[in-house]
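What follows is a single structure, written as structure tokens, with notes after it.
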Amino acid sequence: MSISLNSATIRGIDGVMVKVEVDLIKSLPSFSIVGLPDASVKESRERVRSAIVNSGFEFPLGRVVVNLAPGNIKKEGTYFDLPIALAILLITGQINNFEINDFVVLGELSLNGELREVNGILPIVIEARDNGIKNFIVPLKNAEETSIIKESKVYAFSTLKEVVCFITYKDVMPYSKEEKSKSIDNGIDFKDVVAQESVKRALEVACAGGHSVLLYGEPGCGKSMLANRVPTILPTLSYEEALEVTKIYSVCGGLKENEGIREERPFRSPHHTASTVTLSGGGSKLKPGEITLAHNGVLYLDEILEFKKDVLEVLRQPLEEKKIIISRNTGTVEYPANFMLIASMNPCPCGYLMSNSYFKQCKCSENEKKRYLSRLSGPLLERMDLFVFVPPVPLENLQNKNLQSESSKEIKIRVEKARGIQLERFKDKRIFCNGQMSHRDIMDKCNISSDALNLLDKIYKKFDISARVYDRILKISRTIADLDESKSINRSHVIEALQYRRFINKEII
Ligand SMILES: [Zn+2]
């Protein structure tokens, strides 16, 4: 008679339940694993055999067959060491029967029988909960992560022996989560940024409406410093959003030891030498890429023109669909990728095109400038909502200790209020902010005053702008009106929005 245990694996960023079935047949000794195991799962045989023997138990003589069901899903990772070892101990009567089917069992074993942590526990816990299983036997280092889901009962151990004791005597209490006072204060705040008020205002508008931003200015003007403060003014993550973020980092092994749920919005800033796989995810060991690690947060592309064209091309699908699909020979995997895009660049190759300083004069030829800007290709340009010039900070501002800036907390209150208005506006649709509006939504939901319409008409005719740019100006205007708590878009809102469509020497882009 065979024994079966509940375990699980990962596909994309989701958990998949797996039954570990073990049978022992009187025959010449052998040990095999079937059911689409990858190399890391096959290696499990050696670890399980040594762990059992080194923990003081006997490895059976005879033919041991392990089947991982369902057989049509590729099994990756080292999750199955512990369930396989337990099943062998159960089938050989070295431990007594137990309501093992009420549990999900996971964990990697060392040759000595120690339990090692595994990646991707959180998605597995969520999947098990949805399948009605709430008890978990896991490595101690995974305990905190497993207990993120409130309904779960977590039994965490550091060796195979301890697990066997628990099964025999059932005298262990479930792991209880320490209530830690969490501070998300990582020291980054907009109040440290002196001056730059116009840029901060633009970033506030962008966050309030979920719009993308291109920052441009000379080297050293503080573009990166401004961009990495953006997560501090974005709305607080909802529980569901925080779970999504934690799941992604759980799968990549990006959670710190004993880290619970992630409460900060991610900020990812891949280097411009990044490959397409680094950005999109995939690769031989299937992993989420930078755009998925930025999910529910910010993806910052510093020096965007230095990135390779095919790498930037990867952004197309996620910017439209908020997800990325990766095809592999074993099937396709879908990763979430709903991020706010912020990019930065110098206005010309030398960087000083817009400088007023006598010492920093642009030395680029017309041709060089033209060639440089042509790298900002059409599709990418089309996806940018706000174009924001970052001026250099005058020395007297840097030296003035009395200059007070608004804190991130204060800005965030306004951003959250504006987002609240948008959620109410789109409550019957799957739209969460103005940045996601379609042309139809703009027509239906943007209440435009007559003098604002007159101004827009003039602009439309004078600058011969495209319908897409026209929509974009309206979306930004709608967000500015929301920050103003105004029901209709007024002339002043449109005038501010137009400022964000100026780019280097173009009045309206
Ligand atoms: Zn230049």
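The values are calculated or read from the model by the stated rules, or taken from the named source; none is laboratory data. Since this is a predicted model, take the numbers as computed values, not measurements. Please note: Cβ atoms are built from the backbone with ideal geometry, for glycine as well, and neighbour counts cover all protein chains shown. Accessible surface areas use protein heavy atoms only, side chains included; no ligands, DNA or RNA. Shrake-Rupley method; radii C 1.70, N 1.55, O 1.52, S 1.80 Å.
Just how large is the dipole of region 311-428 about the Cα centre, in debye to the nearest 20, putting +1 at every Lys and Arg Cβ and -1 at every Asp and Glu Cβ?
Using Cβ point charges on Lys, Arg, Asp and Glu, region 311-428 gives about 160 debye.
Helix 160-169: angle to the longest alpha-carbon principal axis of the chain, degrees 0 to 90, nearest 10?
70 degrees
So for region 190-424, averaging the separation of alpha carbon pairs under 8 Å that are six or more residues apart and normalising by length, what relative contact order in percent results?
Reported as a whole number, the value is 34 percent.
Quick check: the distance between the Cα centres of region 318-359 and region 22-76, to the nearest angstrom?
Measuring centre to centre over Cα atoms gives 45 Å.
Which of the GluC sites (Glu not before Pro) across region 104-209 are loop residues per DSSP, with 16 or fewer other Cβ within 10 Å?
Glu151, Glu178, Glu179
Looking at Tyr372, Ile121, Asn54, which one has the Cα that reaches farthest to the positive end of the dipole of the chain (charges on Cβ: Lys, Arg +1; Asp, Glu -1)?
Tyr372
Can you tell me the FRET efficiency between Gln499 and Phe359 if r is taken as the Cβ-Cβ distance and R0 is 22 Å, rounded to the nearest 0.05?
0.20
In Å², and per residue, what accessible area does region 110-183 have when probed at 1.4 Å with the other protein chains present?
Solvent-accessible surface per residue comes out at 52 Å².
Which of rounded, prolate or oblate describes region 33-192 when judged by the alpha-carbon gyration tensor and an a/c cut-off of 1.5?
Taking the square roots of the gyration eigenvalues as a ≥ b ≥ c, region 33-192 is prolate.
Once both axes come from the Cα atoms, what is the angle between helix 408-425 and the longest principal axis of the chain, in degrees from 0 to 90, rounded to 10?
It is inclined by approximately 90 degrees.
Expressed as an acute angle from 0 to 90° and rounded to the nearest 10, what is the orientation of the C-alpha long axis of helix 467-483 relative to the principal long axis of the chain?
For 467-483 against the chain, the angle is about 80 degrees.
Which Rg and Dmax, in Å, describe the Cα atoms of region 191-310?
15.6, 47
Can you tell me the mean projection area, over all orientations, of the convex hull of the chain's alpha carbons? Units nm², please.
Directional mean of the projected Cα hull area for the chain stands at 28.5 nm².
Determine the alpha carbon to alpha carbon distance for each of Lys462/Lys487; Lys256/Lys427; Lys19/Lys42; Lys429/Lys475; Lys223/Lys506 and list only those over 25 Å.
Lys462/Lys487; Lys256/Lys427
Label region 190-424 by shape, choosing from rounded, prolate and oblate, from the square roots a ≥ b ≥ c of the eigenvalues of the Cα gyration tensor; if a/c is under 1.5 it is rounded, and otherwise prolate applies when a/b is larger than b/c, oblate when it is not.
Taking the square roots of the gyration eigenvalues as a ≥ b ≥ c, region 190-424 is oblate.
If you rank Thr332, Thr159 by how much accessible surface each has, with a 1.4 Å probe, what is the order from largest down?
Thr332, Thr159
Give the aspartates and glutamates whose C-alpha is closer than 15 Å to that of Lys369, dropping any in the same chain fewer than 8 places away, or say none.
Those aspartates and glutamates meeting the cut-off are Glu218, Glu306.
Could you work out the longest stretch of the chain that avoids the chymotrypsin sites (Phe, Trp or Tyr not before Pro) located in DSSP loops with at most 11 other Cβ atoms within 10 Å?
Of all site-free stretches, the longest is 1-357.
If you filter region 226-271 for GluC sites (Glu not before Pro), then keep DSSP loop positions with at most 11 other Cβ within 10 Å, what is left?
Hits after loop and neighbour filter: Glu257.
State to the nearest 20 debye the size of the charge dipole of the chain about its Cα centre, where the only charges are +1 on K and R beta carbons and -1 on D and E beta carbons.
1200 debye
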